[in-house]
Amino acid sequence: MRFSLAALCLLAVCQFTGCSSQSKPDDSAKTGKPGADSLASVSSSDSSETPATRAMTSTRSVSTGDSTLDSLTYAPTGAILPKYRIFAYYGNPHSKKMGALGKYPKEEMLQRLDNEIKNWEKADSTNTPIQPALHLVATTAQGLPGKDGGYRLRMSDKTIKKVLKWGNEHKAIVFLDIQRGHAPLGPEMKYMEKYLKLPFVHLGIDPEFSMVTGARPGSKIGSYDAADINQAVQFLSRVVKENNLPPKVLVVHRFTQGMIKNYKNIKLDPNVQIVMDMDGWGPPVLKKDSYHDYIQKEPVQYTGFKLFYENDFRKPGSRIMTPKEVLALTPVPMYIQYQ
C-alpha cells in the first residue's frame, strides 16, 4: 500500500503565531516546517572537533563589506559536487523542534554531526569524502502576514552570523534556506547576498512554503516553477562571477509532484550546482517511492535525501532509513540532510 507523503507532511505542520515578517533581534516566532515550535535562545559555546574529510581550502580574497564576515576565513576551493558528498544538519538555533541544528547546544550538536558522519563513512563502499554542512532556515514562513504582508520572518544578522561562525570554526559549509511565504523570492535572496559572498555559504529554497495561490503557509503545500528556480540560479551565478567564487550549491526541497512545475525548463549553469532534495518524512517504502517518482524520474542535476530523527517514526511501525539503504538508491544522493 502506498501512502500520500503530502498528507503525512501536512499532518505535522505546526500552528503559527502572528509575528511581524520583519527581522527582530531575537527572531521570536514559530516556524513553518513540520514539527516546529516557538523560537527561543540556545547556547553558543565553542567546539573544535572536526571530521578528517574536508574540502580543500585556500585564502579568501573577496570582501563582503562587513568586518565580522570578513574575519571568517574558511574557504573551500573548486566545485564541491560530485567530489564530496554533503552531509547537513538542518534547523534553526532558536527552535528545538525544527531540526538537529537547534535541538542541541552547539558543542553537542557538532559532536552528533561528526558521529553521524562516521556512520556514513563506514557504510559508503565508494569512500566518497564527506563535506559537513549546517543548513539554517534563515527565512521562516509565518501564519500571519506581518506588516508587509509577506507571511515570513527573516532571521536577524546576529542569528545568521552565529551559525556562519559555527560553520567557519568547524570547517562546515552553511546553507541559508528561504521559506518565502507570500514575499517575492528576489528580495529574500538579496537579503542573503552579503553572506553568500563567502565561499562556504550556499542557498536553499523551499517550495513547500512558496504560496503562489495566496493561501496561508502551512494550510496547503506551495510550489515553485522552473522560472523561479532559474531566477535563483541566475542570482547565485552572478554572485559567483562578481566575487570570483567557486560554484554555489542550490538545494531545492521536494516531496510531491506539484511542488516543482515544468522541471524540464530548469536551466543549468556552470557556476551553480542544483540539488533536488527529497524532503518528505514517512516509512522507508514511502520515501523510496517519492524519491523515485519526484527525484529520479524528473532529473535536474544532483540529488539529495532527507532523514528525520523524529518524524520518520511517526507512522506506527515506521523507522529511519539506514545509511546503507540511502546509499543504495539510484542515483546515489550527493546531499544528505538530517532534521
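Per-residue extension of 0.36 nm, minus the Cα-Cα distance of Lys147 and His292, leaves a gain of 48.1 nm for this segment. Phi angles of region 259-274 translate, via the Karplus equation with coefficients 6.51, -1.76, 1.60 and θ = phi - 60°, into HN-Hα couplings of 5, 10, 9, 6, 4, 5, 8, 5, 9, 7, 9, x, 8, 9, 10, 8 Hz per residue; Gly and Pro are given as x.
Could you give the nm distance between label points at Ala123 and Glu310, where each point is 7 Å from its Cα heading toward the beta carbon? So the two model labels end up 2.1 nm from each other.
Set the Förster distance to 35 Å, then compute FRET efficiency between Val62 and Ala227 from the Cβ-Cβ distance, nearest 0.05.
Values: r = 29 Å, r/R0 = 0.83.
Efficiency, rounded to the nearest 0.05: 0.75.
Accessible-area rank, largest first, for His253, His292, His182: His292, His182, His253, with all protein chains present and a 1.4 angstrom probe.
Strictly over 19 Å apart at the Cα level, which of Lys96/Lys194; Lys147/Lys197; Lys162/Lys194; Lys171/Lys197; Lys106/Lys158; Lys158/Lys194 would you flag in this model?
Lys96/Lys194; Lys147/Lys197
Using the average count of surrounding beta-carbon atoms within 10 Å as a protection proxy, the listed peptides 90-99, 277-286 rank, highest first, as 90-99, 277-286. Here the convex hull built on the C-alpha positions of region 173-298 has a volume of 104 cubic angstrom per residue. Given R₀ = 56 Å, FRET efficiency for Glu108-Leu268 by Cβ-Cβ distance, to 0.05? FRET efficiency, Glu108 to Leu268: 0.90. If the chain linking Lys83 and Glu325 were pulled fully straight, counting 0.36 nm for each residue of separation and taking away their Cα-Cα distance, it would gain 85.0 nm.
If each residue of separation counts as 0.36 nm, what is the full-extension length gain between Arg238 and Thr213 once their alpha-carbon separation is subtracted?
Details: separation 25, 0.36 × 25 = 9.00 nm, distance 2.93 nm.
This chain segment gains 6.1 nm when fully extended.
The values are calculated or read from the model by the stated rules, or taken from the named source; none is laboratory data. Keep in mind it's a predicted model, so treat the numbers as computed, not measured. When we count neighbours, we look across all protein chains shown, and the Cβ atoms used for this are built from the backbone with ideal geometry, even at glycine. Ligands, DNA and RNA are stripped out before the accessible areas are found, and what is left, the full protein with its side chains, is counted by its heavy atoms. Shrake-Rupley method; radii C 1.70, N 1.55, O 1.52, S 1.80 Å.
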